[in-house]
Amino acid sequence: MAERAHGGADENVVTLLKEQHRQIRELFEQVETAEGEGRREAFRKLVRMLAVHETAEEEVVHPTARRAFPGGDRVVDDRLREEREAKEVLSELDGMDVDDPDFMPTLRALRDDVLAHADSEERLEFSRLQEETEPRMLARMAKAVRAAEAVAPTHPHPGVESATKNLVLGPVTALVDRARDAVRKAMGDRH
Amino acid sequence: MSADLSPLIAATAQWLTRAYAPGGGALDSVLAGAQARQAVTVAAWLRYPTVLDAGLVMVAGPGGSARLDWLAGADLGETDEADHAWRTWVDEAVASWAAALLSDRRLAAAAVAAVGDSDHALGLPVEFRRLTAPDAHDGRAAPLLRHPDLVASLAGLHRAELLGRLDAGHEHAA
Ligand SMILES: [Fe+2]
Ligand SMILES: [Fe+2]
């Protein structure tokens with residue numbers, strides 16, 4: 001099956017999350033090898049990646065896995081506990097400077113925990129989820145994970161031509177409401 | 001047909017996170033961002049419940065952050081194009097509803113329950129626990145965003161509509 005790097009209707013959530021686990025492993029390596037400001041920057045990226053990834057798993061993947069196979073509840077509870085523990089260590093690290101002598105030992109401990117957690121997810125949770133879930137639903141989950149991780153657009157809404165247009169204090173919301181009411185009414189009338 | 005609300009959601013969450021910026025480090029800002037994003041997601045699903053509603057707002061445009069920026073007292077001055085771009089995707093009413101949900105646990109629970117079978121959930125049992133069951137880290141990361149007094153003016157902007165929507169959903173289900 002074709003695997004797509006940037007989404008698509010047939011994307012598989014398990015493939016997507018495994019790719020993110022690989023990126024997390026890489027970011028840990030970057031923090032370890034960089035120094036000074038570079039290390040600080042790499043650590044910021046790692047924090048962001050970890051938090052965004054775990055939040056999306058909690059929101060979309062764990063709830064589905066819970067219901068997908070017998071024993072899913074326990075498997076997911078264990079993963080949630082690991083995620084909570086990692087968050088504690090991450091918070092400790094976030095309060096330290098990268099030059100602190102405790103930083104690297106704590107980071108390595110976090111790396112071991114996070115990679116063990118990712119491995120458990122892949123072996124105990126994702127593999128079962130994949131076996132028990134229709135490809136159509138795995139694709140929907142991928143879409144939901146991508147939505148949860150989306151960043152704000154860098155292009156203006158096509159309806160807004162210039163920066164000044166955004167300053168026109170107009171009831172655009174009301175306009176949408178009116179448009180929606182009109183469409184609803186039109187649709188209702190046909191029933 | 002598919003109407004993806006994620007540009008509106010991501011931009012509106014970014015507006016909230018910046019307007020009520022957490023003071024701490026990288027972790028605080030991403031944890032605050034996650035709470036804002038979940039609240040905005042629930043608010044957007046509630047406000048634009050069907051694929052049709054979502055399609056319309058994405059075509060017409062969510063309105064932008066101008067009035068919110070003014071309300072928040074942000075002096076943006078001459079903003080550059082990049083900063084202007086994402087602000088055009090901000091939805092004022094959704095930001096207001098999200099602020100109401102972040103500062104009122106019971107309202108948040110009611111809203112999450114109301115969107116449980118939303119078209120936008122794609123038939124998945126999604127959970128918004130960073131919104132409904134924040135842990136100690138979440139609370140510390142977003143003290144301003146969750147402070148009822150600090151978000152009161154924003155939450156108040158469209159509060160009546162939010163309550164109306166939740167009531168209507170309730171009667172509908174009953
Ligand atoms: Fe995880
Ligand atoms: Fe994971």
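The values are calculated or read from the model by the stated rules, or taken from the named source; none is laboratory data. The model shown is predicted, which means the values in this text are computed figures rather than measured ones. Cβ placement follows ideal geometry from the backbone for every residue including glycine, while neighbour counts extend to all protein chains displayed.
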Worksheet item: Counting only residues that are within 14 Å of another protein chain (Cβ to nearest Cβ), touching a residue at least 24 places away in the same chain (Cβ under 8 Å) and more than 17 Å from A:ARG146 (Cβ to Cβ), which one in the stretch A:25-56 is nearest to ligand 1 (Cβ to nearest atom)?
Response: A:LEU50
Practice prompt. Being in contact with a strand residue (DSSP E or B) (Cβ under 6 Å, 6 or more places away or on another chain) and either in a helix (DSSP H, G or I) or more than 23 Å from B:GLY169 (Cβ to Cβ) (or both) narrows it down to one of B:LEU68, B:LEU46, B:LEU8, so name that one.
Written response: B:LEU8
Fill in: Neighbours by Cβ (under 7 Å, 6+ apart or cross-chain): first from the stretch A:74-91, free of Cβ contacts under 8 Å to residues at least 40 places away in the same chain; second in a helix (DSSP H, G or I) and more than 12 Å from ligand 1 (Cβ to nearest atom)
A:ALA86/A:LEU110; A:LYS87/B:HIS137; A:VAL89/A:THR106; A:VAL89/A:ALA109; A:VAL89/A:LEU110; A:SER91/B:LEU27; A:SER91/B:HIS137
Item to complete: Only one of these is away from every other protein chain (no Cβ under 14 Å) and without any contact (Cβ under 8 Å) to a residue 60 or more places away in the chain: B:ALA85, B:ALA100, B:ALA109, B:ALA133. Name it.
Response: B:ALA109
Item to complete: Would you check which residues across the stretch A:104-141 are within 13 Å of chain B (Cβ to nearest Cβ) and more than 16 Å from ligand 1 (Cβ to nearest atom) and list them?
Response: A:THR133, A:GLU134, A:ARG136, A:MET137, A:LEU138, A:ALA139, A:ARG140
Worksheet item: Here are some conditions: (1) more than 12 Å from ligand 2 (Cβ to nearest atom); (2) within 22 Å of A:THR106 (Cα to Cα); (3) at pLDDT 95 or above. A:VAL52 meets all but one. Which one does it not meet?
Response: (1)
Fill in: helices (runs of 4 or more DSSP H) contained entirely in the stretch B:93-174, each with at least 3 residues that are modelled with pLDDT of 95 or more
B:105-114, B:129-132, B:148-157, B:159-173
Worksheet item: Does B:GLY33 qualify as being facing another protein chain (nearest Cβ under 10 Å), of a type outside the set (Lys, Arg) and assigned to a loop (DSSP other than H, G, I, E, B)?
Response: no
Item to complete: Taking B:THR41 as meeting all but one of (1) in contact (Cβ under 8 Å) with a residue 60 or more places away in the chain; (2) assigned to a helix (DSSP H, G or I); (3) surrounded by fewer than 24 Cβ atoms within 10 Å (Cβ to Cβ), write down the number of the exception.
Response: (3)
Response to the item:
Over the stretch A:1-17, the set of residues over 12 Å from the mean Cα position of the chain (by Cα) and at pLDDT 95 or above is A:ASN12, A:VAL14, A:THR15
Response to the item:
Sole miss for B:GLY123 among (1) at positive phi; (2) more than 14 Å from every other protein chain (Cβ to nearest Cβ) is condition (2)
Worksheet, complete the sentence: Of those in the stretch B:129-145 that are surrounded by fewer than 22 Cβ atoms within 10 Å (Cβ to Cβ) and in contact with a helix residue (DSSP H, G or I) (Cβ under 8 Å, 6 or more places away or on another chain), the residue farthest from A:SER91 (Cα to Cα) is B:THR132
Worksheet item: Are any of the residues in the stretch A:1-10 within 11 Å of chain B (Cβ to nearest Cβ) and within 16 Å of ligand 1 (Cβ to nearest atom)?
Response: no
